[in-house]
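Q: Handing you this structure, nothing more for now.
The values are calculated or read from the model by the stated rules, or taken from the named source; none is laboratory data. Bear in mind that the values here come from a model prediction, so they are computed numbers and not experimental data. Please note: Cβ atoms are built from the backbone with ideal geometry, for glycine as well, and neighbour counts cover all protein chains shown.
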Amino acid sequence: MGRGRNPYGPLFLWIEAAVMRIAGDAPDLAILLFRLACVGGVVLVMIYLPKLAVLHGVDGARAQWIALANPC
C-alpha cells in the first residue's frame with residue numbers, strides 16, 4: 001500500500017463518516033450504528049449471493065449456506 005492510501009473502499013468511508021456525524025461523542029450510539037450497518041451487509045449478502053451464484057452456474061442455496069454459515 002502506498003502512502004496515504006486506505007484499505008477500505010469509498011462506501012465504507014461514507015458509512016463511517018455518516019455514523020460519526022450522527023453519533024458525535026456518543027461511543028455507544030456509534031457502536032450500535034456500526035452494528036446496524038453490519039446487519040445490513042449480511043442482509044444484502046443473503047439477497048444477492050444466491051443470484052450471483054446462479055449467474056456463475058453454482059447452486060444458489062448452497063452458496064448462501066456456505067457464506068452465511070462461515071463464522072468469519
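Q: Can you pull out the residues in segment 1-40 that are small (Gly, Ala, Ser) and at pLDDT 90 or above?
A: Let us first name the residues in segment 1-40 that are small (Gly, Ala, Ser), namely 2, 4, 9, 17-18, 23-24, 26, 30, 37, 40.
17, 18, 23, 24, 26, 30, 37, 40 - these are the residues of segment 1-40 that are small (Gly, Ala, Ser) and at pLDDT 90 or above.
Q: Filter segment 18-35 down to residues that are touching a helix residue (DSSP H, G or I) at 6+ places or on another chain (Cβ under 9 Å) and assigned to a helix (DSSP H, G or I), then give me how many there are.
A: Within segment 18-35, residues that are touching a helix residue (DSSP H, G or I) at 6+ places or on another chain (Cβ under 9 Å) and assigned to a helix (DSSP H, G or I) number 11.
Q: Here is a follow-up. Evaluate the following for residue 28: is it under 29 Å from residue 6 (Cβ atoms) and over 17 Å from the mean Cα position of the chain (by Cα)?
A: So residue 28 passes the test.
Q: Something else: Can you run down the residue pairs with Cβ atoms below 9 Å, 6 or more apart or on separate chains, where the first is in segment 21-40 and within 28 Å of residue 68 (Cβ to Cβ) and the partner is charged (D, E, K, R) and part of a helix (DSSP H, G or I)?
A: Note: pairs meeting the criteria are 34/16; 37/16.
Q: Also: Give segment 9-37 a look and list any residue that's of a type outside the set (Lys, Arg) and exposed (fewer than 10 other Cβ atoms within 10 Å of the Cβ), or say none.
A: Selection gives 9, 10, 11, 24, 25, 27, 28.
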